[in-house]
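**Student:** Here you go, one structure.
The values are calculated or read from the model by the stated rules, or taken from the named source; none is laboratory data. Since the structure is predicted, the reported quantities are computational estimates derived from the model, not experimental observations. Note: ideal-geometry Cβ built from the backbone for every residue, glycine included; neighbour counts use all protein chains shown.
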Amino acid sequence: MGPAAAFGQVILAVIFGWSAILKFRGFDVFRRHLRDTAPVLPALAAYMAPVVIGGELCITASLLIPPFYWIGLLLAEVSLAGFTGYLIYLMRTRPTVSCGCSGTKGDPVSWVHVVRNVTLMLVGGVSGWAMMQAHSLSLAYYLVLVPPGTAIGVMLFNLNAVTMFFFGTGNIRRV
């Protein structure tokens, strides 16, 4: 695996790990959010919340354990695609609710959330392509790639706040 693949792997692991931890910390709020917004039976929300958190932790672990890189990338792509569909569903049906990305009530879902997810799907695609092109990396490469990968992952996770910082709240438009 080359540096590009490892960099993408770190970014995705940070995103999914951070998201799972925040959802776990605000578990009751996250479960209520799912109950109120999920396009399936609200009664399933009690079961969906731990499944979502567990799935995100499994994706994180898969992205970090060498024999499971491909599984982690595939699961990340499928999860991001599904969540992007959920975001679009929320923008169309309930534009005032939060996306629930961090497990708490936050800013209303907007195009910024969709752009973030599409960007992360591209990161996963490029990372997968780069994995096919390169050999394995030493631990030193990972140690060099973790700080910038973590910073970019956190920035992408908080893209809505970053956008508001640079453009103010008035310039974020809902689709």
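**Student:** Exactly one condition in (1) modelled with pLDDT of 90 or more; (2) of a type outside the set (A, V, I, L, M); (3) within 17 Å of ALA5 (Cα to Cα) is not met by GLY125; state its number.
**Tutor:** (1)
**Student:** Separate question: Looking at (1) at pLDDT below 90; (2) over 17 Å from MET155 (Cα atoms); (3) surrounded by fewer than 19 Cβ atoms within 10 Å (Cβ to Cβ); (4) not small (Gly, Ala, Ser), which is the one condition that is false for LEU57?
**Tutor:** Just one mismatch for LEU57, condition (1).
**Student:** Residue check: is THR84 crowded, with 16+ Cβ neighbours inside 10 Å and not in a loop (DSSP other than H, G, I, E, B)?
**Tutor:** yes
**Student:** Moving on. Looking only at residues that are more than 9 Å from ALA130 (Cβ to Cβ) and not hydrophobic (A, V, I, L, M, F, W, C) in the stretch 1-28, which one is surrounded by the most Cβ atoms within 10 Å (Cβ to Cβ)? Lay out the reasoning, then the answer.
**Tutor:** First, pick out the residues of the stretch 1-28 that are more than 9 Å from ALA130 (Cβ to Cβ): 9-28.
So of that shortlist, the ones also not hydrophobic (A, V, I, L, M, F, W, C) come out as 9, 17, 19, 23, 25-26, 28.
Values: GLN9: 27, GLY17: 19, SER19: 23, LYS23: 25, ARG25: 12, GLY26: 17, ASP28: 9.
Restricting to residues being more than 9 Å from ALA130 (Cβ to Cβ) and not hydrophobic (A, V, I, L, M, F, W, C), the top hit is GLN9.
**Student:** Name every residue in the stretch 56-110 that is under 22 Å from VAL123 (Cβ atoms) and among the acidic types (Asp, Glu), in order of residue number.
**Tutor:** Scanning the stretch 56-110 gives GLU56, GLU77.
**Student:** Quick one: is GLY72 buried (at least 22 other Cβ atoms within 10 Å of the Cβ), within 18 Å of the chain's Cα centre (by Cα) and outside any helix (DSSP H, G or I)?
**Tutor:** On the way: buried (at least 22 other Cβ atoms within 10 Å of the Cβ): yes; within 18 Å of the chain's Cα centre (by Cα): yes; outside any helix (DSSP H, G or I): no.
So GLY72 fails the test.
**Student:** Only residues in the stretch 112-135 that are without any contact (Cβ under 8 Å) to a residue 40 or more places away in the chain count as the first member; pair them with residues that are among the β-branched types (Val, Ile, Thr), Cβ under 8 angstrom, at least 6 apart or cross-chain, and list the lot.
**Tutor:** Within 8 Å, the pairs are ASN117/THR84; VAL118/THR84.
**Student:** Listed residues LEU63, LEU44, LEU34; which is at pLDDT 90 or above and either in contact with a His (Cβ under 7 Å, 6 or more places away or on another chain) or of a type outside the set (D, E, K, R) (or both)?
**Tutor:** Details: LEU44 fails: at pLDDT 90 or above; LEU34 fails: at pLDDT 90 or above.
Sole residue among the options that is at pLDDT 90 or above and either in contact with a His (Cβ under 7 Å, 6 or more places away or on another chain) or of a type outside the set (D, E, K, R) (or both): LEU63.
**Student:** Let me ask something additional. Identify all residues within the stretch 87-127 that are among the basic types (Lys, Arg), assigned to a helix (DSSP H, G or I) and surrounded by 14 or more Cβ atoms within 10 Å (Cβ to Cβ); write none if there are none. If you could, list the steps in order and put the result at the bottom.
**Tutor:** Keep residues of the stretch 87-127 that are among the basic types (Lys, Arg), which gives 92, 94, 105, 116.
With assigned to a helix (DSSP H, G or I) added as a condition, the list becomes 92, 116.
Within the stretch 87-127, just ARG116 meets the criteria.
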